[in-house]
Every structure is written in structure tokens, then in C-alpha cells.
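The values are calculated or read from the model by the stated rules, or taken from the named source; none is laboratory data. Treat the numbers as computed from the prediction; the structure is a model and nothing was measured. Note that we place each Cβ from the backbone using ideal geometry, even for glycine, and neighbour counts take in every protein chain shown. Keep in mind that these areas ignore ligands, DNA and RNA; they rest on the heavy atoms of the full protein, side chains included. Shrake-Rupley method; radii C 1.70, N 1.55, O 1.52, S 1.80 Å.
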Amino acid sequence: MNYPSFFDEAPRLTLYDPLSAFLGATEDGLVEYSYLDAVKLAGHSCPTLAGAYLMTLRALRCLYGNGIPVRGEIDVTLSQGASEGVAGVMASAATLLTGAAGEGGFKGIAGRFERRDRLAFGSDICGEIQFTRRDTSERVIASLNAAAVPLHADARPLFQRVLGGEASPAEAQEFRRLWQDRVRQLLLDHADDPDVVLLTPVPGTASASAT
């Protein structure tokens, strides 16, 4: 599988998954996720996917501090409806990392390890995605300021040419390079930029100092 090398340089996240430990998928229940995992799930790499990946990483860092996040014990709420805008792409990244699923998710074993009904859409929140720890009820809302990392000026006309079947092989390759370079900037240059990934701890819950 050939893919841009920066995928491997992007931040990774290690979580504890009690279901993984229970069933022996991993001996200690620790599971590491990378941006490449998100790309494989979504089937593509774009600024929205990279942004959702970063929002989830940053939100979990805020909620858990130096601790290890517990996969399957986090509720995820999106402001967009399930069929609106880029909600599906954002939800795919959040679900991958948190385990939160909708009504079709894993129903658990003897009342434990349930994942269903922990992903919701169309909620009235002041941001794009809200993450809630089920054990402490701490919440943080994340938003992405993608405009802070603009698309190269040449990319848009190239996109139109590629989409219309008018681009030469060289033009198509240049479009792909420029498109992924914006993703690279988000993941490598702005992963911890508070002006790109905006976190808002809900008052009385998550500590703002953890951001």
C-alpha cells in the first residue's frame, strides 16, 4: 500500500479498550490508532477527516489529561444532522477512536462493553463535536478552524479540471499533491495549534488547563 509518508508522522493515540482486553484481542487492552487507520476507514484523506481526527485526539487529551482514554466509555455528539454536510466523515474518525456508535453498534456482553447509542447527531451545541466521559460526565466541545490552513490557490482550478476530466496526468498529480499538502500542514504543523483546533470545556466539567 503506497500512501503519503506524512501519514506515519501524524500524531497517534493509545487507548485502553476493556472489550479488547476481555476477549484477548490485545493482551493488555491497549490499542494504538494512527491517521492511516482513519484513512482506511473513511476511504480517503481530506482536511475534514484530518480535522476530526485532531479534534478527537485533543478532546480526549483534555478529558483525560495524562491518563489513558478508555475506548467505549465516551459519548460523542455532533451538531450536524447525520445526513448533513461532513457529519459522516467526522463521525467516522470520532467513532474509530472512541468506539462510540449509533443504534447499530455493539450491544455488549452481559451488560458490559456496550457501544451503541453513544453517538448522536443534530444536537444544539456551541461547536462541531462534543465529547463526554461516561464515568465523570466531564464534557468538552471541539471545533475546527480549517480556514487557518487555506487550500493552495492553484488547487481549486486544478480540482475543477480533474473533476471535469480535462486535466492532464501531470495536472492531476499536482492537484493530489496540493490537496494532501494541506492535510499534512494540519496534521504536522498545526496538531497542537489552539487557533486551528478550538476546545471549549463545558463549565463545571473538564478542566480548561488540560487543553
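Quick one: count up the residues across the stretch 70-87 that are surrounded by 15 or more Cβ atoms within 10 Å (Cβ to Cβ) and part of a loop (DSSP other than H, G, I, E, B). Walk me through how you get there before you give the answer.
Filtering the stretch 70-87 for residues surrounded by 15 or more Cβ atoms within 10 Å (Cβ to Cβ) gives 70-80, 86-87.
Narrowing further to those that are part of a loop (DSSP other than H, G, I, E, B): 71-73, 79-80, 86.
Total meeting the criteria: 6.
Scan Arg182, Arg134 and give me the residue that is surrounded by fewer than 16 Cβ atoms within 10 Å (Cβ to Cβ) and at pLDDT 95 or above.
Working: Arg182 fails: surrounded by fewer than 16 Cβ atoms within 10 Å (Cβ to Cβ).
One residue alone meets the criteria, Arg134.
State yes or no: is Ser143 over 26 Å from Tyr53 (Cα atoms) and among the polar types (S, T, N, Q)?
Against the criterion (over 26 Å from Tyr53 (Cα atoms) and among the polar types (S, T, N, Q)), Ser143 does not qualify.
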| Members of the stretch 1-57 found to be within 30 Å of Gly111 (Cα to Cα), open to solvent by 70 Å² or more (accessible area, probe 1.4 Å) and assigned to a loop (DSSP other than H, G, I, E, B), listed by number | Ala25, Glu27, Asp28
| task | Within the stretch 185-211, work out how many residues are open to solvent by less than 30 Å² (accessible area, probe 1.4 Å), at pLDDT 95 or above and either of a type outside the set (A, V, I, L, M) or part of a loop (DSSP other than H, G, I, E, B) (or both). | result | 2
| note | Per the filter on the stretch 88-129, residues touching a residue at least 60 places away in the same chain (Cβ under 8 Å), buried (at least 17 other Cβ atoms within 10 Å of the Cβ), more than 17 Å from Tyr16 (Cα to Cα) and not aliphatic (A, V, I, L, M) are Gly127, Glu128
